[in-house]
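Chemist: Structure below; questions to follow.
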Amino acid sequence: MLTLLSVGAQAAPSTPFRIETRYLDQTLTAAQQAIVQRATQRVAALIRSPFVPVAVDSPANACDAGLPKLKEQVAHLILFVKVKDLGEDLYADATPCELHDDTYLPIYAELELNSNGLGDLPDEDLTDTIIHETLHALGVGTLWTPDERISVSGDSDGKSFIRKAGGQVVYTGPRAVAAYQKLGGHGTAIPLDPDAGHWAGKTVCSEILSGDAGDFTGLVNPISPITLAALEDLGYTVNLAAADRYMLPIKGCDVQSAQVDTSRTASTDQVFYANCAAVRAAGLAPLKHGQPGYRRALDGDGDGLACE
């Protein structure tokens, strides 16, 4: 458990929001680390609320095995990054570690990348993965229930952003629900995946926090106004102009559902498809091994096509 250190009678002044990455091993190449930096900077640019510095004294392994002792004045959100074998079905994982009192927003967090298949990830897929997991590190999908919202002093604000409705887990945060409705979504809540930490894939299709994000190949999925508003629900002040252009699917995920705003990415206008069947239906060829977007987990029969 993190221990607060005395910082004097006056609170430390807040500073602009920044994500400070700290690598716990030398596994990532310089090129991969550069992708991590760009992706975390993209997420940090979503936030306009300042980070309030806090002096902490956290023993080694306090949040997870392998994390170092942390005894310092933390001036920015610290994101510890490490590479480990997470099995066959997981690209990465991230979680907040300790939360500020009062705001219940993260002080530091951990992001784990799967060593199994990491070398096969094209730049676009690694970028997509880091953005997705960094949003989890900020609390999207990971700070939605009271038992997750425990501050460094052991307090909880008791807030919950999810509930069950007719056997479906749904998200009820007012800002994100309003953004969902503005995009044409129906109802007073947003359907979630069964893990209660991602938007239901059939609802948002190719969106950065989609539960089916791993099925959308070769592209950096858009950060929709829904996900941006979910950050607001957590208590962040956000840059409303930072969301990507995005449309909710009208006739399912086999049709175009979103495009990344090229003013914030280096890529050209891109159409997002739910799976290889949708790619073929659009008259395009399935992805082959070595092409951007190919993932070993999507190549079920090992024929080199990310189509199974």
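Chemist: Could you please report the charge total around Cys97, scoring K, R as +1 and D, E as -1 over all other residues with beta-carbon less than 10 angstrom from its beta-carbon?
Modeler: On the way: positive: none; negative: Asp64, Glu98, Glu110.
That sum, taken over residues with Cβ under 10 Å, equals -3.
Chemist: Under a cut-off of 24 Å between alpha-carbon atoms, report the lysines in cross-link reach of Lys202, not counting same-chain residues fewer than 8 places apart.
Modeler: Lys164, Lys182, Lys251
Chemist: Dividing the convex hull volume of the alpha carbon atoms of segment 40-109 by its residue count, what do you get in Å³ per residue?
Modeler: On the way: hull volume 7.6 nm³, N = 70.
Spelled out: Cα convex hull of segment 40-109, divided by residues, is 109 Å³.
Chemist: Whole angstrom only: what separates the Cα centroid of segment 153-183 from the Cα centroid of segment 16-42?
Modeler: 30
Chemist: Taking the number of other C-beta atoms within 10 Å as the exposure measure, put Phe17, Phe51 in order starting with the fewest.
Modeler: Working: Phe17 20, Phe51 23.
The most exposed by this proxy come first: Phe17, Phe51.
Chemist: Once the other residues with Cβ under 15 Å from the Cβ of Ile35 are scored (Lys, Arg +1; Asp, Glu -1), what is the net sum?
Modeler: Details: positive: Arg38, Arg42; negative: Asp120, Asp123, Glu124, Asp125, Asp128, Glu133.
Surrounding charge for Ile35 is -4.
Chemist: Ok, one more. Under the rule a/c < 1.5 gives rounded, and otherwise a/b versus b/c splits prolate from oblate, where does segment 162-239 land using the Cα gyration tensor? Display every interim value, and only then the final one.
Modeler: Working: a/c = 1.66, a/b = 1.10, b/c = 1.51.
Verdict is oblate for segment 162-239.
Chemist: So what's the net charge close to Ala137: Lys and Arg +1, Asp and Glu -1, counting the other residues with Cβ under 11 Å from its Cβ? Numbers along the way, then the final one.
Modeler: On the way: positive: none; negative: Asp93, Glu110, Glu112, Glu133.
It works out to a net charge of -4.
Chemist: Here's something else I'd like to know. Over all Cα pairs of segment 85-170, how is the pair count split among 10 Å bins, expressed in % and running from 0 up to the last occupied bin?
Modeler: The calculated distribution, bin by bin, is 17, 37, 29, 16, 1.
Chemist: Now a separate question. Check each of the GluC sites (Glu not before Pro) in segment 88-186 and keep only those in coil by DSSP with at most 14 other C-beta atoms within 10 angstrom; list them in order. Could the numbers behind the result be given before it?
Modeler: On the way: sites: Glu88, Glu98, Glu110, Glu112, Glu124, Glu133, Glu148; in loops: Glu88.
Passing sites in segment 88-186 are Glu88.
Chemist: What is the P(r) of segment 1-155, as percent of Cα-Cα pairs per 10 Å bin from 0?
Modeler: P(r) over segment 1-155, rounded to whole percents: 11, 41, 35, 12, 2, 0.
Chemist: Apply the Debye scattering formula to segment 104-222, with a single equal point scatterer on each alpha-carbon and no solvent, then give log10 I(q)/I(0) at q = 0.16, 0.17, 0.19 Å⁻¹.
Modeler: Log-scaled intensity ratios, in q order: -0.85, -0.94, -1.11.
Computed from the coordinates by the stated procedures, all read-outs in this text should not be read as laboratory data. Here the structure is a predicted model, which means the values were calculated and not measured. With ideal geometry, Cβ positions are generated from the backbone for all residues, glycine too; neighbour counts draw on all protein chains shown.
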